[in-house]
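Working notes, beginning with the structure itself.
Nothing in this text is a laboratory measurement; each read-out follows from the coordinates by a stated rule. These numbers were taken from a predicted model, which means no experiment stands behind them. All Cβ positions, glycine included, derive from the backbone under ideal geometry; neighbour counts span all protein chains shown.
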Amino acid sequence: MRVIFLGPPGVGKGTQADFVAKKFSIQKLSTGDLLRESVERGTKLGNEAKIFMERGELVSDNVVIGLVEEKLGSSECRNGFLLDGFPRTVAQANKLSSFLEKNGEAIDRVVYFYLPIADIIERISGRRSCPKCKAVYHLRSIPPKKDGVCDVCGNTLIQRNDDKPETIQSRLVVYQKQTEPLIQYYKDRGILSELDGSGPVSVVQDRLIALLTQSG
Ligand code: ADP
Ligand code: AMP
């Protein structure tokens, strides 16, 4: 199974991705997570990416494609993969399909998560993340047991810099201009499925599993 999760930032892709990857025994690849790791490690790539990420802009196609191709070529993706947050531009989508084609592979399904804009903003602005184990919470809908503390590892939760109000708006504009065209791109290729992202996590999860199971 080779799947892409497409949709605006904050719609709930990452929250569903871990579960789906486990359920179908496939590898999850989140370019946002990979980039944040490079930023934390202070690598050359990370230092360059940080400037764009803090502004809510996209990191250059070449950098992100390089990161993804390295992972896709590794043995952990042999069983299949779930791409969360990639591709985000038509150039990235084209590169991905030619990379897979070389190995006789293709994407099976693109799940496009949709949600009203007010709910998207509410989800992004209430997001709190664990910088250590990467668990994701929400101040109101998915709060940790103890305020500000990760249930899994006990680390202090943070608000991502790019989740602050001044950056949210620019991320949504970037999404609309650069990523939204991918909806039509994958519709044209007959592999797009639309997923209603509203409702509690378990409800979205059930919809998603039904969709992935029925579309094989
Ligand atoms: P994305 O990966 O699409 O950017 P996330 O999965 O990180 O989005 O979710 C954004 C925020 O919304 C997080 O704070 C998460 O805890 C919360 N969230 C995710 N799914 C739901 C849901 N179904 N209902 C309420 N809040 C949700
Ligand atoms: P995310 O965790 O998916 O919300 O991504 C956080 C940030 O990482 C984005 O706002 C971009 O700056 C950068 N990023 C993640 N994925 C990509 C991608 N596929 N292409 C370019 N930039 C990306």
Q. Can you give the extra length, in nm with one decimal, that the chain gains between residue 99 and residue 44 once fully stretched, where that is 0.36 nm per residue apart less the Cα-Cα distance?
A. 17.3 nm
Q.
Let me understand the chain better: what is its radius of gyration from the alpha carbons, and its Dmax, in angstrom?
A. 16.6, 49
Q | Whole-number D in µm²/s for region 1-70 (Stokes-Einstein; Kirkwood sum over Cα pairs; 37 °C, 0.692 mPa s) | A | 248 µm²/s
Q | Potential lengthening between residue 60 and residue 201 on full extension [0.36 nm per residue; Cα-Cα distance subtracted] | A | 47.6 nm
**Q.** Unit Cα scatterers, Debye sum, region 103-216: log10 I(q)/I(0) for q = 0.15, 0.19 Å⁻¹
**A.** -0.87, -1.15
**Q.** Dipole of region 1-150, positive end: most advanced residue of 117, 133, 87 [Cβ charges, Cα centre]
**A.** 133
Q: Would you mind checking which residues have amide H under 5 Å from residue 138's amide H? H placed 1.01 Å from N; only 5 or more apart, or other chain.
A: 128
Q | Of 134/187; 132/164; 28/187, those spanning more than 27 Å from alpha-carbon to alpha-carbon | A | 134/187
Q: Calculate one ³J(HN,Hα) per residue across region 154-170 by plugging θ = phi - 60° into the Karplus curve 6.51 cos²θ - 1.76 cosθ + 1.60, and present them in order as whole Hz with x for glycine and proline.
A: x, 6, 6, 7, 10, 9, 4, 3, 7, 9, 6, x, 5, 9, 4, 4, 5
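Let me know the charge dipole size of region 135-174 about its Cα centre in debye, to the nearest 20, where only the beta-carbon of Lys, Arg (+1) and Asp, Glu (-1) is charged.
The calculation lands at about 80 debye.
At 10 °C and 1.306 mPa s, grab the translational diffusion coefficient of region 48-108 from Stokes-Einstein with a Kirkwood Rh over Cα pairs, rounded to a whole number in µm² per second.
Estimated diffusion coefficient is 127 µm²/s.
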**Q.** Max mean-square fluctuation residue, GNM over the chain, Cα-Cα springs under 10 Å, options 84, 61, 206
**A.** 206
Q: Quick one: among 188, 163, 33, which has the greatest mean-square fluctuation in a GNM of the chain with alpha-carbon springs under 10 angstrom?
A: 188
Q) So what are the ³J(HN,Hα) numbers for region 127-138, from phi and the Karplus equation (6.51, -1.76, 1.60; θ = phi - 60°), rounded to whole Hz, Gly and Pro as x? A) 5, 10, 10, 8, x, 8, 9, 6, 4, 10, 10, 9
Q | Dipole magnitude of region 1-113 about its Cα centre (Cβ charges: Lys, Arg +1; Asp, Glu -1), debye to nearest 20 | A | 200 debye
Q. Amide H neighbours of residue 4 under 5 Å, counting only residues 5+ apart in sequence or on other chains, H built in-plane at 1.01 Å?
A. 83, 109, 110, 111
**Q.** Highest-fluctuation residue, 28, 146, 177 considered, GNM on the chain with Cα pairs under 10 Å
**A.** 146
